[in-house]
Amino acid sequence: MAFDQQLRIPGPTPVPHRVAAAGAQPMINHRGPVFKQLMITVLERLKNVFQTKNTILALTGSGTAAMEASVANLINPHDEVLVLAGGVFGQRWAKICRAFQSQVHVLEYPWGEGVDPQQVADFLRRHPQTAAVFATHNESSTGVLNDLAGIGAAAADFDALLIVDAVSSLGGADLKMDQWGIDVVCTASQKCLMAPPGLAFISFSQRAEQRMMEVSSPRFYLDLRIYMEWLAKHEPPFTPNIACFRAVAEALSMIEAEGLEQVFARHLLLRDMIRAGLRALNLPLLVDEKWASPTVTAVKPDFSDIGGFVADLRACGVELAGGQGPLSGKIFRIGHMGYASPLDMLVTLAAIESKLGCYGRAAAAAEQVWSEAQQAHGTLAEWRA
Ligand SMILES: Cc1ncc(COP(=O)(O)O)c(C=O)c1O
C-alpha cells in the first residue's frame, strides 16, 4: 500500500489535507467578486506573518520570481550592490543582480555560519553609494538562520535598501519586517506557508516603492508598478494561481488559529528535537547552535554514500534532501518547516536511526527535549486539531 511519505525537505513541504482541499475547489473568474475578495483578504492577512504594515503583492511563480522582481524593480544597471552570500541562495542573489548588470560586491561568509552584521556596516561605511544590500534570512543550503535584526541595524544609517530572501523562513521564524528596518521581503507559498508551489509574495517599504518609480531596468511581467495599479482595483494584472490563493487562505487560518508566536515556538522545538536526536547518534551537525535554523538542519556524516543513505530512507517513506553546490555529496538536510509536528520529528529520527542500526537513541533524546518543553510551557500538543 502507498502511505503518505514524510516529506522532510526544505520545501516544498507537506500540505495539510484541508489546505489541499481548499485548493481543489472549482475554478472561478479571476475578475469576479469572489476572487477579488480572496486576493485582498489573503494579502491583508499575510501582513501579520510579514509583521508589516507595508503593501504585499502576489506573483504567480516560485520564490525566485519575487527575488528577480526585487532586482528588476529596485536596481538600475550599473548600480553598486552588496550581496551577503554563505550558500546557494546568497549566490542566487548575486547571479540575479549580475543578470541585471549591476556592479556586484559579494561579502562571502563561511557556508555553515551566519554573516557578521558589523562587516555589513563596515562595507557600507566604505561604499556609501551602495544601492542595496541583499540578504538571505534562512540559508536553506546550509541550515543557517542569519541575524536579520543585526543586519537591519547595521544598514539603518545608510541609503542602501535592505532586500531579504525569506523564502524558507517567513511563517516559521520570527521576521519583524518593519521593526528591523527591512525594505523588501520575498517569500513563496510552498515552504512555511504550507501551500503548494505556485505563488510568490513580496512586500516593500515606502522607500522601496519610491525607488521603484525611479528605476529604469527593463521589466514587464514582474513590473511591480503594474501590480500596484491593479491592486488599487482589487484585481491582479495577469491570470493568478487561483488554486494556490485558496490554499494559502486556508493555511493562514491554521497559522492564525495556532498563533504566530506559537508557530515560531513550535519550529524552535522541532529544531531542538532534531538536533538532540542527531547528536545522540553522533552525527555531526554542519551548523553551530548560534546559527541553527528553525526550519532546516544540515548533517555532515562521516560515511561517504550519502546519496545511498537518502535513497534508503526514501524507500522506507522518509524523504530527505542532499547537499547543494560544494556541499553536494557531503551533507544531507532535514526540513522541519510548515506542517510539521514533534511526532513527525520522532518518525524521521526513528527512520534515520533504524537505517544506521542504532535503534531508539535519537528518538529518545528528541522525546526528552519535547517533554522538557511541555513541562516548561504547558501542553504544546494541539497542533493536529
Ligand atoms: C532560501 C531560499 N531562497 C530561494 C529559494 C528559491 O525558491 P523557489 O525554488 O521557490 O524559486 C529557495 C528554495 O528552496 C530557498 O530555500
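The values are calculated or read from the model by the stated rules, or taken from the named source; none is laboratory data. What you see is a predicted model, and the numbers here were worked out from it, not measured in a lab. Here the Cβ positions follow ideal geometry from the backbone for every residue, glycine too, while neighbour counts run over all protein chains shown. Note: areas computed on protein heavy atoms with side chains; ligands, DNA, RNA excluded. Shrake-Rupley method; radii C 1.70, N 1.55, O 1.52, S 1.80 Å.
Solvent-accessible area of the chain (1.4 angstrom probe, protein heavy atoms only): carbon and sulfur portion equals 53 percent. Work out, in µm²/s and without decimals, the Stokes-Einstein translational diffusion coefficient of region 98-205 at 20 °C, 1.002 mPa s, Rh from Kirkwood over C-alpha pairs. After rounding, the answer is 148 µm²/s. Principal semi-axes of the equivalent ellipsoid, √(5λ) from the alpha carbon gyration tensor of the chain, are 34, 26, 18 Å from largest down. Listed values for region 263-271 are Karplus-derived 3J(HN,Hα) couplings in whole Hz (6.51 cos²θ - 1.76 cosθ + 1.60, θ = phi - 60°), namely 4, 5, 4, 4, 4, 5, 5, 4, 4, and x replaces Gly and Pro.
The dipole here belongs to the chain: it is taken about the Cα centre, uses +1 on the Cβ of Lys and Arg and -1 on the Cβ of Asp and Glu, and is about 680 debye. Taking every alpha-carbon pair under 8 Å whose residues sit at least 6 apart, the chain reaches a relative contact order of 23 percent.
Is the shape of region 51-108 rounded, prolate or oblate, going by the alpha carbon gyration tensor and its root eigenvalues a ≥ b ≥ c, with a/c under 1.5 for rounded and a/b larger than b/c for prolate? Prolate shape, in that a/c is at least 1.5 and a/b is the bigger ratio. With r defined as the distance between the Cβ atoms of Ala149 and Cys358 and R0 fixed at 45 Å, what FRET efficiency is calculated, to the nearest 0.05? My answer for the efficiency is 0.70. Taking Cβ atoms as reference points and 9 Å as the exclusive limit, the residues near Pro237 contribute a net charge of -3, counting Lys and Arg as +1 and Asp and Glu as -1.
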